[in-house]
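One structure below.
The values are calculated or read from the model by the stated rules, or taken from the named source; none is laboratory data. Predicted, not measured: the structure shown is a model, and the values here were computed from it. No Cβ is skipped: glycine too gets one built from the backbone with ideal geometry, and neighbour counts run over all protein chains shown.
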Number of protein chains: 2
Amino acid sequence: MSQTVDRALSILPLLAEGPADLGRVAERLGVHKSTALRLLRTLHEHGLVYRQSDQRYRLGARLFALAQQAVESLDVREIAHPHLVDLNERCGHTVHLAVHEEHEVLYIDKVESRYPVRMYSRIGKPVAITVAAVAKLLLADLPETERRALAQRLDYPMYTSRSTPNATAFLKELATVREQGWATDLGGHEESINCIGAPVIGADGRAVAAMSVSAPNVVVTAEELLTLLPLVRRTADAISREYSGRTGSGPLPDRALAASPAAASPAPPHAHPTEDHP
Amino acid sequence: MSQTVDRALSILPLLAEGPADLGRVAERLGVHKSTALRLLRTLHEHGLVYRQSDQRYRLGARLFALAQQAVESLDVREIAHPHLVDLNERCGHTVHLAVHEEHEVLYIDKVESRYPVRMYSRIGKPVAITVAAVAKLLLADLPETERRALAQRLDYPMYTSRSTPNATAFLKELATVREQGWATDLGGHEESINCIGAPVIGADGRAVAAMSVSAPNVVVTAEELLTLLPLVRRTADAISREYSGRTGSGPLPDRALAASPAAASPAPPHAHPTEDHP
DNA sequence: AATGACGGTTGCACGATATGCAACGAAGCA
DNA sequence: TGCTTCGTTGCATATCGTGCAACCGTCATT
């Protein structure tokens with residue numbers, strides 16, 4: 001919409017590929033060097049771009065700081081964190097929290113396994129959207145049409161022989177997940193790693209986040225992991241209750257609409273830092 | 001330098017404080033609503049800004065992905081990581097790696113303590129620049145003038161009674177660090193946490209990164225932690241050797257210039273995807 | 001229901017502002 | 001020394017971003 005800003009922002013993914021010099025940036029943008037220079041300078045002033053000693057540009061520190069602040073201000077994360085820690089203390093495995101945004105699903109919190117074997121993942125990293133338990137949970141209750149459209153658009157990389165192979169299989173899997181209210185990933189991303197997950201439900205009754213427990217085969221078998229399901233669902237429900245007053249599994253929360261549930265229900269859904277506009 | 005881009009980028013830190021609606025953004029920027037709208041739309045198209053269901057804007061997913069890619073393309077980090085893991089396995093404590101950029105020092109890697117007590121820090125988070133061991137190491141071998149200028153410009157928050165109180169004390173501390181080639185933070189940031197650190201030396205002989213081991217008092221006393229110093233320095237030197245062939249401590253690397261050290265020295269200093277500067 | 005207030009959105013005319021050009025400066029190389 | 005390459009600067013042009021005013025949808029109030 002705004003040409004100048006558009007060009008400037010296009011520099012970021014370009015630099016994410018690796019450091020580049022002025023000439024290359026100008027070339028890739030299709031603009032004159034002097035133009036690229038001015039854009040880079042502006043990005044530099046805001047700390048989004050850093051000029052290293054060999055004069056080439058790369059992504060800058062402020063980007064981290066921003067991503068940092070962004071993830072910390074997510075209210076679901078705030079509420080969920082203690083529950084995740086709690087769950088981790090009970091079962092010892094890696095616990096993840098993820099949200100769906102735009103066309104990606106990404107981890108926003110993680111509590112590391114207490115076992116020496118750890119899986120590779122990082123907060124902010126987009127998940128394998130076609131196989132991860134959390135991704136299935138979040139996409140499962142998208143509106144019908146969106147779900148179909150998304151499924152068509154996706155790639156279906158075969159990480160392992162048990163990865164979701166195509167859109168049809170994926171939609172079928174989503175239907176199952178939607179119905180049962182929980183999801184698994186049994187070796188679909190990495191041969192030896194299994195996950196089970198459950199959704200965090202928002203005020204509108206849809207999944208606002210999803211959590212999962214992951215463990216490698218060498219620690220527990222898939223069957224053993226599945227015995228944790230009740231615990232995982234209870235944790236997810238506890239988060240949902242605190243976040244929105246609704247829960248994903250069990251009886252629908254009519255009681256939330258009926259009398260005054262007093263106990264733990266009507267917490268403020270969003271936690272705004274300052275409310276200065278009366 | 002470029003007004004439009006400047007304005008657009010100013011939105012990011014603004015949203016980092018928390019979600020905001022169009023009106024607030026326009027007001028904070030001092031521009032008309034329609035202008036703010038166009039800027040936000042452009043940011044949105046690039047995924048840097050996300051519009052949540054209540055129509056308010058907040059920072060978007062791509063920011064995470066970018067920060068992610070940026071940190072992963074740092075070559076020091078790549079080289080250092082296995083050494084950090086190794087060190088963690090030997091001593092059990094939290095290990096950090098940090099770099100200096102612009103006017104900040106920030107963590108770019110971390111291996112969590114194996115003890116239940118963990119300290120709060122996160123990759124991408126700027127460190128307490130006046131007290132952290134890694135910060136002292138990185139600032140210690142800045143050119144004289146830059147160091148003085150920086151020291152004057154800084155704030156000196158008294159996190160604890162042992163925090164660096166002012167510029168004079170800081171410069172003196174840096175001189176010590178520079179001379180001895182390692183640094184400590186004994187309760188200067190959090191009363192009960194001690195750190196020791198050592199620098200990673202680049203091809204130009206200056207610190208390109210710094211690493212540290214941190215542990216709370218309840219696990220090991222400061223004296224006990226100091227006994228790890230040789231191990232920490234050896235690890236930092238190993239990283240330096242692999243990264244640039246030079247080391248920080250011990251005899252100056254004449255031998256690196258003399259015969260062929262065969263063993264572990266002349267690794268490619270930078271791992272650029274494409275080497276376009278011969 | 002009707003009214004008003006509020007926040008977001010659109011189209012447009014104006015001119016501020018981003019653009020490419022050309023010339024300059026600074027390294028690196030033969 | 002001359003040549004090439006790359007970053008930088010000043011400037012005239014017109015493109016592109018800007019603010020205005022009007023419009024629309026939603027919500028709250030009477």
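Miscellaneous remarks
- Annotation: of all residues in region B:35-45 being more than 8 Å from chain A (Cβ to nearest Cβ) and hydrophobic (A, V, I, L, M, F, W, C), the one that is nearest to DNA strand C (Cβ to nearest atom) is B:L37.
- Output for region A:35-71, where each listed residue is in contact with a helix residue (DSSP H, G or I) (Cβ under 9 Å, 6 or more places away or on another chain) and hydroxyl-bearing (S, T, Y): A:T35, A:T42, A:Y50, A:Y57
- Residues (away from DNA strand D (no atom under 11 Å from the Cβ) and within 21 Å of B:L74 (Cα to Cα)) located in region A:10-44: A:S10, A:I11, A:L12, A:P13, A:L14, A:L15, A:A16, A:E17, A:G18, A:L43
- Those residues of region A:201-220 which are among the polar types (S, T, N, Q) and not in a loop (DSSP other than H, G, I, E, B), in sequence order: A:S212, A:S214
- In region B:78-100, of all residues being free of Cβ contacts under 8 Å to residues at least 60 places away in the same chain and assigned to a helix (DSSP H, G or I), the one that is surrounded by the most Cβ atoms within 10 Å (Cβ to Cβ) corresponds to B:N88.
- Checking B:I79 against (1) at the interface with chain A (Cβ under 9 Å from one of its Cβ atoms); (2) within 20 Å of A:P19 (Cβ to Cβ), the condition it does not meet: (1)
- Taken over region B:165-200, the criterion of being in contact with a Pro (Cβ under 9 Å, 6 or more places away or on another chain), in a strand (DSSP E or B) and among the hydroxyl-bearing types (S, T, Y) is satisfied by no residue.
- Scan of region A:202-245 for residues that are within 21 Å of the chain's Cα centre (by Cα) and at positive phi, ordered by number: A:G205
- Whenever a residue of region A:3-32 is part of a loop (DSSP other than H, G, I, E, B), its partners that are within 11 Å of DNA strand C (Cβ to nearest atom), lying with C-beta atoms within less than 9 angstrom and at least six residues away or across chains, give the pairs A:P19/A:D54; A:D21/A:D54; A:D21/A:Q55; A:D21/B:H277; A:G30/A:R7; A:V31/A:R7; A:V31/A:L39; A:H32/A:A26.
- Condition met for A:Q68 (within 16 Å of DNA strand D (Cβ to nearest atom), under 24 Å from B:V127 (Cβ atoms) and touching a Lys or Arg at 6+ places or on another chain (Cβ under 8 Å)): no
- Candidate set: region A:46-63, residues that are facing another protein chain (nearest Cβ under 7 Å) and assigned to a helix (DSSP H, G or I); chosen: the one farthest from DNA strand C (Cβ to nearest atom): A:A61
- Test result for A:V49, more than 10 Å from DNA strand D (Cβ to nearest atom), free of Cβ contacts under 8 Å to residues at least 60 places away in the same chain, β-branched (V, I, T) and outside the structural domain of A:G124 (by TED's automatic domain parsing): yes
- Scan of region B:7-34 for residues that are buried (at least 17 other Cβ atoms within 10 Å of the Cβ), facing chain A (nearest Cβ under 9 Å) and within 11 Å of DNA strand C (Cβ to nearest atom), ordered by number: B:R7, B:A8, B:P19, B:R24
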